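Take a look at the structure set out below.
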Amino acid sequence: MSILAEHGQTLLILACIFGVFMAWGIGANDVANAMGTSVGSRALTIKQAIFIAMIFEFLGAYLAGGEVTSTIRKGIIDPALMADSPELLVFGMMSALLAAGTWLLIASVLGWPVSTTHTIVGAIVGFAAVGISVDAVAWDKVGNIVASWVVSPLMAGAISFFLFRSVQRLILNTENPFANAKRYIPVYMFAVGFLMAMVTMLKGLKHVLKDTGISFSFGQSALIAAVFGLLVMAFGLWMLRNIKDEGNEDSRFASVEKIFAVLMVFTACSMAFAHGSNDVANAVGPLAAVYGVISTGAVTAKTTMPSWILLLGGLGIVVGLATYGWKVIATIGKKITELTPSRGFAAELGASATVVLASATGLPISTTHTLVGAVLGVGLARGIGAINLRVIGTIFTSWIITLPAGAGLAILFFFFFKGLFS
């Protein structure tokens, strides 16, 4: 206990620095999931994408990042084993943040889209298993996360494949693609609005509403999302009035893509908000655990989240995106397969649908894996030759080494902090 009494303030300041570093990594690496398809399809420029993401990622992180969020509460480790020496949890969470931030920095420099969720989980598992006890880790939880590596890209890829096939069949491969675009795209607009609202209701707003005593069932959330979908469809129909068919075949396809480009701006905003609200927990969860232990002097299963911690997380994400986000955006948006607004729309809607289905069933998934799978699905809909297999191989390799990389770094940092402060 004397360690916390003597070094508590220093440890909290270090944890805040590491938390911001980890949030920077989320901004530099993970935000590409929301923006990569919009940039790759040329619906948005890199500058526009970064501007939109800075606003909506920050709003998502700060407004819907969660009042009570704690990595311990997710059940990855058993806090009871550290009740007699709470400083071990502080060292461990600090190590996890620094290890995850370091790995995300390396991955971002290389342009690899890795999972921040898996990085932080790997780091926490590493310090807990080696530094405390193998029994401290909930291995079934880790098993679920490993299973999600396979499930989420396959699910998103399949949905995006069939979505783009439907776009080809109903619109692009018809005698009059522009007229069919006018007929069917409002239905897609409804689907975009519905799914984006569902992502926000299920992933983001539940934490904000926890404090108010208001809660929505899955059915009520679906009803609200349907109303939102109708509003988006109405707004979309109003915007479609201004897009005219130019007459010849090339410009007719250009007019169709303009309609999809309008959709992409909306999907980018909503995806960024949902991502900020969901993934900021990867940075602020461990920081909240450190704050809880230092402020109470004991290991508690629940950690109340002060708003300044969410603010730090939101700022870290924004700075990471603004300074280094372009590199991973380029990998997702341009290097896997060539994207147009219609293809990018199918990928983003497929990824959103996967997030919604996973939220409804409680399946732990990674937004990175989901979106890469979705882009891959759209590429496959055009034939295997449309995919850059070398880039895919590099991405898959980076996914496999993420958990051990996070774990190894966390173990090194854990023993360093333990030796430094004990």
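For the reader, a short list of remarks on this structure follows.
- Of the residues Ala410, Ala261, Gln48, the one whose Cα sits farthest toward the positive end of the charge dipole of the stretch 2-421, with +1 on the Cβ of Lys and Arg and -1 on the Cβ of Asp and Glu, is Ala261.
- Ile214-Leu311 FRET efficiency (beta carbon distance; Förster radius 30 Å; 0.05 resolution): 0.80
- Positive minus negative residues near Ser160 (Lys, Arg vs Asp, Glu; Cβ under 10 Å): +1
- Distances between placed amide hydrogens fall under 5 Å for Ile77 paired with Ala138, all partners being 5 or more residues away or on another chain.
- Ranked for footprinting exposure by Cβ neighbours inside 10 Å, fewest first, Glu87, Glu6 give Glu6, Glu87.
- A crude spin-label estimate for the pair Ala226 and Asp84, with each label 7 Å from Cα along the Cβ direction, gives 5.8 nm.
- Packing-based ranking, highest mean first, of 218-225, 234-241 given that Cβ atoms within 10 Å are counted: 218-225, 234-241
- Taking other Cβ atoms within 10 Å as a rough exposure proxy, Asp245, Asp84 sort from fewest to most as Asp84, Asp245.
- Neighbour-count ranking [beta-carbon atoms within 10 angstrom, fewest first] of Thr45, Thr367, Thr174, Thr337: Thr45, Thr174, Thr337, Thr367
- Cβ-derived FRET efficiency at R0 25 Å, Val109 paired with Glu338, nearest 0.05: 0.50
None of the figures in this text is laboratory data; all of them are computed from the coordinates on show. Here the structure is a predicted model, which means the values were calculated and not measured. As a convention, Cβ positions derive from the backbone with ideal geometry for all residues, glycine included, and neighbour counts pool all protein chains shown.
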